[in-house]
Amino acid sequence: MKSEVVDTREPSAAAVAAAPPTKRTRPRRPVKRIALMVALIVLAVPFVFPTWWMVTSSFKPMSEILRIPPTLWPAAPTTEAYGQVFDLQPFAQQYWNSLYIAAVVTIGTILVSSMAGYAFARIAFPGANVLFVVVLVGLLVPAEVTIVPLFRLVNAVGMIDTHWPLVVIPIIGAPSVLATFIMRQFFLTLPGELEDAGRVDGLSRAGIFRRIAFPLARPAIAAVAIFTFMHSWNLFLEPLVFLSSKESFTLPLALTQYVDAYGGPIWNVQLAATTLTVLPVLAVFIFAQRQFVEGLAHTGLKG
Amino acid sequence: MSATLDRSTRRRATSARRRSTARRADVLTGYAFVTPQLVGSAVFVIGPLIAVGWYSLHDWNVLANSFTFTGAANYQRLIDDPSFVDSLKASGIFSAGLVVLNVGLALLLAVMLNQRMRGTTTFRTFFFSPVVVSLVAWTIVWGFLLQADGGINGFLSQIGVDGPNWLRREDTAMLSVIVVQVFKNVGLNMVLFLAALQGVPGEIREAARVDGASAWRSFRSITIPLISPTILLVSILTIVGSLQVFAQIAVLTQGGPGTSTTVLVYYLYQQAFQFNEFGYASTVSVVLFLIVAVLTLVQWQTRKRWVFHEV
């Protein structure tokens, strides 16, 4: 992935020499540049406006929220909706649920996938290839396919409406397989000399992993951490199937519950809760953009 | 002489023994390291996969507490079930629409951002930002915008256009869901295309320009062929992802109006958790698995074949 992002836009010396000198310093046409800029601004609207609309609408009273003509800025800003977010549901509890589940899943996945990835990449043990193929089956199975038997299983062990299935299944089940794959790819590139040095110093295999390989795997771990956290944070079908009480809900499920007696959404409250869910992640993204882009691009590169 | 020989042989034997002990320890460590993942694969992937196949051969209604072996009856029912055929059709329309719009827009954005111009990183941030927004949150906000009296129709009315009730009309509901999903994740594909575009050697395009090729011509005849593996890869990934669409449907349309947006996974969910037909739902699962598995295997094959393009 990283090696693909090589900037080759600078023409090579040969190409420059071959080009007529006048063309080399060709001035950028300002008209074209302005047109490009305008097009980019127009195209950015559907990406940026929803967030703006979400935040501003959450400060509107119910009477203003669906008003025509629409107001880009609340005429009479109120934080009333934010109070109701916490009155209608145990929202703080639900926030905490999402946060701690995602954190535990992320840490667990890093441990499980780095160990498995390391073993598959660096340790020659009988059956390694066969076992690796068995693990890779997880990449072929979308969560939706196994939801019925998993529901049965979770039900049979009495874990319905607990967070156990949302923690354990992602850490060692299908969702962690991509992480293991990425860790393995990383450890394959590790120079063998580093391990030899560790062995000379008397380190055991586990010691080599813990002291040498794992600390060196930081870029791969960062990628795994980001997409694992986002995956857990966004999970919807699994919580919907496994959880039943509002106290145990995670955020995506909780957001859909701000409805009135007729099932219609209470828009300003729902948007306030949505704002509280979205803005922290967006803020982290702004500060750690490169890591986010690289980490999430990995999810598009499985296999 | 013989003493030294003896000593060196002994030393070699000791070191060989030490090495084999180390190897045995290595093997044990290897098994220990992969055990959690293997247990997880067995219990949460392979086992459930076999179970789904087994369930699909049964008439199993949870409420009626019935579990009887019926062989291929569920598969016959699947073929005769117009709702299932509708859900296949809905998934087909969703996937086709999504892949065309998503890949097209991603490519366009990537090409625009690949220009040497100030501010492109800011726009990259804009286009990528929905990717990090929670899916349900993004969908709720768009659902709000797409209401009959929502933001989009509100702004349309300002320019004298009477917008439809996007999510409640058969001819606009599916399109709306597709568009919402395109804006959500097009940034991811854009980034993949951007990486591919930056791998296209500037010399080739420069040479084409010297030969008098127009920008469009050089894009079509040089850039597109060179990044075609990425286009194929991104397309398959997008299709595989699109087959798993669920939350968007659950939040925006609940499969309606009629069954126009009841895609495969939503149909599966309805059968299992609304109608308690676990056996029949498992049959739908098997079909979904086969489609996704075949597409993913095709993707791995293409990646292997074009691996030299990835530098």
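The values are calculated or read from the model by the stated rules, or taken from the named source; none is laboratory data. Owing to the predicted nature of the structure, the values given are computational and were not obtained by experimental measurement. Don't worry about glycine lacking a Cβ; one is built from the backbone with ideal geometry, like all the others, and counts go over all protein chains shown. What goes into the accessible areas is simple: the full protein's heavy atoms, side chains included, and nothing from ligands, DNA or RNA. Shrake-Rupley method; radii C 1.70, N 1.55, O 1.52, S 1.80 Å.
I'd like the carbon and sulfur percentage of the solvent accessible area for chain B, probe radius 1.4 Å, heavy atoms only, ligands and nucleic acids excluded.
Numbers: 8950 of 14110 Å².
Taking all protein chains in place, chain B shows 63 percent carbon and sulfur surface.
In peptide B:20-26, how many Cβ atoms from other protein chains are near each Cβ within 10 Å, on average?
On the way: counts 0, 0, 3, 4, 0, 3, 9.
Taking all residues of B:20-26 together, the mean is 3.
What are the trypsin sites (Lys or Arg not before Pro) within the stretch B:112-177 that DSSP puts in a loop, where the Cβ has at most 10 other Cβ atoms within 10 Å?
Sparse-neighbourhood loop trypsin sites (Lys or Arg not before Pro): B:R116, B:R118.
Whole-Hz Karplus ³J(HN,Hα) for the stretch A:88-93, in order, using 6.51 cos²θ - 1.76 cosθ + 1.60 and θ = phi - 60°, x for Gly and Pro?
After applying 6.51 cos²θ - 1.76 cosθ + 1.60, I find 6, 9, x, 5, 4, 4 Hz.
With springs connecting C-alpha atoms under 10 Å apart, model chain A as a Gaussian network and identify which of A:P126, A:P77, A:P170 has the largest mean-square fluctuation.
Looking only at A:P126, A:P77, A:P170, the largest GNM fluctuation is found for A:P126.
Under the definition of partner shielding as Cβ atoms of other protein chains within 10 Å of a residue Cβ, what is the mean value for peptide B:46-57? Before the final figure, lay out each step's value.
Details: counts 6, 4, 13, 8, 1, 6, 7, 1, 1, 3, 1, 0.
Counting other chains' Cβ atoms within 10 Å and averaging over B:46-57 gives 4.
Sum up the charges of everything whose Cβ sits under 11 Å from the Cβ of B:F246, counting Lys and Arg as +1 and Asp and Glu as -1, but leave B:F246 out.
Numbers: positive: none; negative: A:E144, A:E238.
Residues close to B:F246 contribute a combined charge of -2.
Apply the a/c threshold of 1.5 to the C-alpha gyration tensor of the protein assembly as shown and tell me whether it is rounded, prolate or oblate.
Here the protein assembly as shown falls in the oblate category.
Could you state how much accessible area is buried at the A-B interface, both sides summed, with a 1.4 Å probe, in Å² to the nearest 100? Display every interim value, and only then the final one.
Numbers: alone 18650 and 18940 Å², together 28090 Å².
Buried area (both sides, nearest 100 Å²): 9500 Å².
Which is the longest stretch in chain A that no exposed loop site breaks, taking sites as trypsin sites (Lys or Arg not before Pro) with a DSSP loop state and at most 15 other Cβ atoms within 10 Å? Don't skip to the answer; put the middle values down first.
Numbers: sites that count: A:R9, A:R28, A:R67.
My reading of the result: A:68-303 is the longest stretch.
Counting heavy atoms of the protein chains only and a 1.4 Å probe, report the per residue accessible area for the protein assembly as shown as a whole number of Å². Mind dumping the intermediate values first?
Values: 28090 Å² over 614 residues.
With all protein chains present, the protein assembly as shown gives 46 Å² per residue.
What's the local net charge at A:M62, with K and R +1, D and E -1, over the other residues with C-beta under 15 Å away? Write down the numbers at each step before the final one.
Numbers: positive: A:K60, A:R67; negative: A:E64, A:E80, A:D87, A:D260, B:D149.
Counting the neighbours of A:M62, the net charge comes to -3.
With just the Cα atoms defining each centre, how far is the stretch B:143-205 from the stretch B:67-87? Give it in Å.
Distance between centres, Cα-based: 36 Å.
I want to check the label-to-label distance for A:L111 and A:R211. Put each point 7 Å from Cα in the C-beta direction and report it in nm to one decimal.
Modelled inter-label distance: 2.2 nm.
Determine the calculated [θ] at 222 nm for the protein assembly as shown from helices alone, applying -39500 (n - 2.57) to every DSSP H run no shorter than 4 residues and normalising by the residue count; nearest 500 deg cm²/dmol. Each step should come with its number before you reach the end.
Details: 31 runs with 426 residues, N = 614.
Only helices count here, giving -22500 deg cm²/dmol.
Which percent of the accessible heavy-atom area of the stretch A:148-208 goes to carbon and sulfur, probe 1.4 angstrom? Kindly include the intermediate steps, with their values, before the conclusion.
Numbers: 1700 of 2700 Å².
That fraction is 63 percent.
Long-range amide H contacts for A:V259: which residues qualify at under 5 Å (H placed 1.01 Å from N, peptide plane, sequence gap of 5 or more or a different chain)?
Amide H neighbours of A:V259, under 5 Å, 5+ apart: A:I266.
Comparing B:V100, B:V85, B:V161, which has the greatest mean-square fluctuation in the GNM of chain B with Cα pairs linked when under 10 Å apart?
B:V161
Considering only B:Y266, B:Y75, B:Y55, give the residue with the highest GNM mean-square fluctuation for chain B, with springs between Cα atoms whenever their separation is below 10 Å.
Answer for the Gaussian network model of chain B: B:Y75.
Please report the net charge: other residues with Cβ closer than 9 Å to the Cβ of B:Y280, K and R +1, D and E -1.
Numbers: positive: B:R77; negative: B:D59, B:D81, B:E277.
Its environment carries a net charge of -2.
Could you give the nm distance between label points at A:R290 and B:Q76, where each point is 7 Å from its Cα heading toward the beta carbon?
With each label placed 7 Å out from Cα toward Cβ, I get 6.3 nm.
With an 8 Å cut-off on Cα pairs and a minimum separation of 6 or more residues, tell me the relative contact order of chain A in percent. Don't skip to the end; give the middle numbers.
Details: 272 pairs, mean separation 82.9, N = 303.
Averaging sequence separation for qualifying contacts and normalising by length gives 27 percent for chain A.
Return, ordered by residue number, the residues of the stretch B:251-292 whose backbone nitrogen is under 18 Å from a label point located 7 Å along Cα→Cβ of B:N65.
Answer for this model: B:276-279.
For the stretch A:150-191, which residues drop by 50 square angstrom or more in accessible area between the chain on its own and all protein chains together (1.4 Å probe)?
A:R152, A:I172
Amide H of A:D161: which non-local residues (sequence gap of 5 or more, or other chain) have their own amide H closer than 5 Å, using H built in the peptide plane?
Amide H neighbours of A:D161, under 5 Å, 5+ apart: A:L243, A:S244.
Enter the Cα centre distance for the pair the stretch B:280-295 and the stretch A:231-259, rounded to the nearest angstrom.
The stretch B:280-295 and the stretch A:231-259 have Cα centres spaced 25 Å from each other.
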